[in-house]
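*Asks:* Mind having a look at this structure? Questions to follow.
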Amino acid sequence: MSAHVESSPDDFRSVLASVDKRGRRRWLHVHLVAGVWSRRRTVLSLLLIAFYLVLPFLTVGGQPALRIDLPAGMFWIAGHGFRPGDLSYLLLLLLMLIVGTLLAVALFGRVFCGWFCPHNVFLEQVFRRVERWTQGGAIARARAAAGRWTPERIGRAALKWLLFALIAGALANAMTALFTGTEAYRGGLILDPVAHPAAAVFWTVFFGLILFNFGWFREQTCTIVCPYGRLQSVMLDPHALTVAYDPRRGEPRRPLPQRTPDAPAGDCVDCKLCVAVCPTGIDIRNGNQLECLHCTACIDACDQVMAKIGRPRGLIDYRSEAELAGSPRRWLRPRTVLYAVVLAGLATAFALRLAHREPIQVTAQRLAVLPQYVTDADGGRAVRYVVPLALTERSGRAHRLRLELPPELGARLVLVPPVIALPADGREQAQPIIDVPVAQVGDGRRSVPLRVIGEDGTVVELPLRLQRP
Ligand code: SF4
Ligand code: SF4
């Protein structure tokens, strides 16, 4: 089978397979491949597609399993709501993401790109399938693309784009729900964009981006836009598992018709099927490359060829650079152990913090009015504090709250109205006035707990520093 993308051993490091030497787009007509790895990826992809589509509608304890609610300035993970003010949680999550990525790459290379990335899952399992169904296999599509626009070609292209648009619309629904919630939808459609302007804007943007990405931009998202592809080259080490060609076994490559008893030949018959099935159009025989997604399509393709010529499978396979050089596979290495330990520590810290998380966050914004001496009702001297409080609800339940100071302080606390109504996931402000007898203020460094008490028994304490005027 002939490949439609030429790859030259000389220019593969400097020229993208999807761009010609004059910088113009070279369309990849990727061949379909079947095999063990393809079947495994298909099964996982179907599960992932179902997961990605229902994820915006999943809840944990009545709250979103995942939502990035930009209009409300909140995001949700596993039923827990976070705001930008929850810096420690955000930091821990970010660190877990970074260390988890380092660990995954050190062990399995670009396993995320090839197996889990929504871009590749939907491109390979949905959009390319629709394309094959409407416009035929890679050879038919390449021939049609090189020919004239006939009524049949126009009809097939129109059907493809119509189906693409319908799928992009469904995906835009899921993406929009992830950012704005599901309230805007009735029967799966945003029927009233005026009542839900944020959802309508998100949907339109997502629809356009999805159609552009899967219909036209495709592999360039991986090879040009995605920063992860760039980062992986610095994360990989010689023991990381990659999809790799074994040159010791494959070289010198030689097509079957050119093989003679006198000419040395490795197992590679230079059929270029591995290139023809590659979604980024690269030649894996050139070694590890930035564009390789570790999708395993070339493993299946080459295994088919090996089966046909009676050679063992695995000329292209999962292996590390060290294995290619003759070393054994090593999962346990200083860096993988270190990453795993750090990740476990971060996950434990995150889980503990989450378990002891206050349902209400209370912060004293600042002293609006500096402490001042006043005369209290009994004619004694007191120091008056005005404490602007910011209260944030983060358990998804509404609260009615009152404030309390330790009775032994003998302080007078005035809050108007005396009960703070804090809506679920909402924010509220209050400004109590607190008169503390001068004798209790002491040297101005004493700290007393201001208690915020809910009707359901929730108690949150805020340390209040009793400064002197
Ligand atoms: S599919 Fe296998 S035999 Fe064919 S060119 Fe690629 S590595 Fe060589
Ligand atoms: S070289 Fe192989 S594993 Fe890498 S992207 Fe191409 S087909 Fe997938």
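Results for (1) under 19 Å from the mean Cα position of the chain (by Cα); (2) within 20 Å of Val33 (Cα to Cα); (3) surrounded by fewer than 20 Cβ atoms within 10 Å (Cβ to Cβ); (4) within 14 Å of ligand 2 (Cβ to nearest atom), shown as yes or no for each residue.
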residue: Leu94; (1), (2), (3), (4): yes, no, yes, no
residue: Leu97; (1), (2), (3), (4): yes, no, yes, no
residue: Val105; (1), (2), (3), (4): yes, no, no, no
residue: Phe108; (1), (2), (3), (4): yes, no, yes, yes
residue: Glu124; (1), (2), (3), (4): yes, yes, no, yes
residue: Arg132; (1), (2), (3), (4): no, yes, yes, no
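*Asks:* Let me ask another. Just for segment 255-300: of the residues that are modelled with pLDDT under 95, of a type in the set (A, V, I, L, M, F, W, C) and away from ligand 2 (no atom under 16 Å from the Cβ), which one is surrounded by the fewest Cβ atoms within 10 Å (Cβ to Cβ)?
*Replies:* Ranking the qualifying residues of segment 255-300, first place goes to Ala263.
*Asks:* Continuing with this model, one more query. If I go through segment 422-469 residue by residue, how many of them are of a type in the set (Asp, Glu) and farther than 30 Å from Gly61 by Cα?
*Replies:* Result for segment 422-469: 2.
*Asks:* Looking only at segment 309-318, decide whether some residue is more than 16 Å from ligand 1 (Cβ to nearest atom), surrounded by 17 or more Cβ atoms within 10 Å (Cβ to Cβ) and either in contact (Cβ under 8 Å) with a residue 24 or more places away in the chain or in a loop (DSSP other than H, G, I, E, B) (or both).
*Replies:* Looking only at segment 309-318, we keep the residues that are more than 16 Å from ligand 1 (Cβ to nearest atom), and these are none.
No, that holds for no residue.
*Asks:* Does Ile282 qualify as being in contact with a helix residue (DSSP H, G or I) (Cβ under 9 Å, 6 or more places away or on another chain) and within 10 Å of ligand 1 (Cβ to nearest atom)?
*Replies:* No: the conditions fail for Ile282.
*Asks:* Report yes if Tyr245 is modelled with pLDDT under 90 and either among the hydrophobic types (A, V, I, L, M, F, W, C) or within 16 Å of ligand 2 (Cβ to nearest atom) (or both), otherwise no.
*Replies:* Against the criterion (modelled with pLDDT under 90 and either among the hydrophobic types (A, V, I, L, M, F, W, C) or within 16 Å of ligand 2 (Cβ to nearest atom) (or both)), Tyr245 does not qualify.
*Asks:* If you check every pair at least six apart or on different chains, which have Cβ atoms under 7 Å apart with a residue in segment 413-426 that is without any contact (Cβ under 8 Å) to a residue 24 or more places away in the chain first and a residue that is surrounded by fewer than 17 Cβ atoms within 10 Å (Cβ to Cβ) and not aliphatic (A, V, I, L, M) second?
*Replies:* Pro418/Arg402; Val419/Arg400; Val419/Arg402; Ala421/Arg400
*Asks:* Give all pairs with beta carbons closer than 6 Å in which a residue from segment 36-63 that is touching a residue at least 24 places away in the same chain (Cβ under 8 Å) and closer than 21 Å to Ala177 by Cα meets a residue that is surrounded by 14 or more Cβ atoms within 10 Å (Cβ to Cβ) and small (Gly, Ala, Ser); count only pairs at least 6 apart in sequence or on separate chains.
*Replies:* Final answer for the pair search is Leu53/Ala174; Pro56/Ala174; Pro56/Ala177; Gly61/Gly79; Gln63/Gly79; Gln63/Gly396.
*Asks:* Arg22 fails exactly one of the following numbered conditions: (1) crowded, with 17+ Cβ neighbours inside 10 Å; (2) at pLDDT below 85. What is the number of that condition?
*Replies:* (1)
*Asks:* Then there's this: Return the total of residues in segment 50-94 being under 21 Å from Ile360 (Cα atoms) and not in a helix (DSSP H, G or I).
*Replies:* The qualifying residues number 28.
*Asks:* Now a separate question. Inspect segment 229-249 for any residue being within 16 Å of ligand 1 (Cβ to nearest atom), closer than 21 Å to Phe108 by Cα, surrounded by 12 or more Cβ atoms within 10 Å (Cβ to Cβ) and β-branched (Val, Ile, Thr) and give the result as yes or no.
*Replies:* Yes, that holds for at least one residue.
*Asks:* Whether any residue in segment 139-150 is among the polar types (S, T, N, Q), surrounded by fewer than 16 Cβ atoms within 10 Å (Cβ to Cβ) and closer than 30 Å to Leu163 by Cα is what I want to check.
*Replies:* Taking segment 139-150 first, the residues among the polar types (S, T, N, Q) are 150.
Pick out the ones that are also surrounded by fewer than 16 Cβ atoms within 10 Å (Cβ to Cβ) and you get 150.
Checking which are closer than 30 Å to Leu163 by Cα leaves us with 150.
Yes, there is a match, as at least one residue in segment 139-150 is among the polar types (S, T, N, Q), surrounded by fewer than 16 Cβ atoms within 10 Å (Cβ to Cβ) and closer than 30 Å to Leu163 by Cα.
*Asks:* Further question: Looking at segment 417-455 only, could you name the residues that are of a type in the set (Asp, Glu) and either loosely packed, with under 13 Cβ neighbours inside 10 Å or modelled with pLDDT under 85 (or both)?
*Replies:* Asp425, Asp443, Glu455 - these are the residues of segment 417-455 that are of a type in the set (Asp, Glu) and either loosely packed, with under 13 Cβ neighbours inside 10 Å or modelled with pLDDT under 85 (or both).
*Asks:* Which of the following residues is within 17 Å of Ile49 (Cα to Cα), without any contact (Cβ under 8 Å) to a residue 40 or more places away in the chain, buried (at least 18 other Cβ atoms within 10 Å of the Cβ) and under 23 Å from the mean Cα position of the chain (by Cα): Ala172, Ala177, Ala168?
*Replies:* Ala172
*Asks:* Right, another one. Go through Val337, Val383, Val374 for me and flag whichever is free of Cβ contacts under 8 Å to residues at least 40 places away in the same chain and out of contact with any Ser or Thr (no Cβ under 9 Å at 6 or more places or on another chain). If you could, list the steps in order and put the result at the bottom.
*Replies:* Numbers: Val383 fails: free of Cβ contacts under 8 Å to residues at least 40 places away in the same chain; Val374 fails: free of Cβ contacts under 8 Å to residues at least 40 places away in the same chain.
After applying the criteria, what remains is Val337.
*Asks:* Go through segment 151-160 and report how many residues are surrounded by 11 or more Cβ atoms within 10 Å (Cβ to Cβ) and of a type outside the set (Gly, Ala, Ser). It would help to see each step written out before you state the result.
*Replies:* Restricting attention to segment 151-160, the residues satisfying the condition of being surrounded by 11 or more Cβ atoms within 10 Å (Cβ to Cβ) are 153, 155-160.
Okay, now just the ones that are also of a type outside the set (Gly, Ala, Ser), so 153, 156, 159-160.
Qualifying residue count for the region: 4.
*Asks:* Another question, then. Scan segment 290-303 and report the pairs whose first residue is small (Gly, Ala, Ser) and whose second residue is within 16 Å of ligand 1 (Cβ to nearest atom), with Cβ atoms within less than 6 Å and a gap of 6+ or a chain change.
*Replies:* If the second residue must be within 16 Å of ligand 1 (Cβ to nearest atom), the pairs left are Ala297/Val33; Ala297/Val277; Ala301/Val33; Ala301/Leu273; Ala301/Cys274; Ala301/Val277.
*Asks:* Identify, from the list Ala177, Ala170, Ala199, Ala240, the residue that is at pLDDT 85 or above and touching a Gly at 6+ places or on another chain (Cβ under 6 Å). Before the answer, list the steps.
*Replies:* Numbers: Ala177 fails: touching a Gly at 6+ places or on another chain (Cβ under 6 Å); Ala170 fails: touching a Gly at 6+ places or on another chain (Cβ under 6 Å); Ala199 fails: touching a Gly at 6+ places or on another chain (Cβ under 6 Å).
On inspection, the qualifying residue turns out to be Ala240.
The values are calculated or read from the model by the stated rules, or taken from the named source; none is laboratory data. Please read these numbers as outputs of a predicted model, since none were measured by experiment. Please note: Cβ atoms are built from the backbone with ideal geometry, for glycine as well, and neighbour counts cover all protein chains shown.
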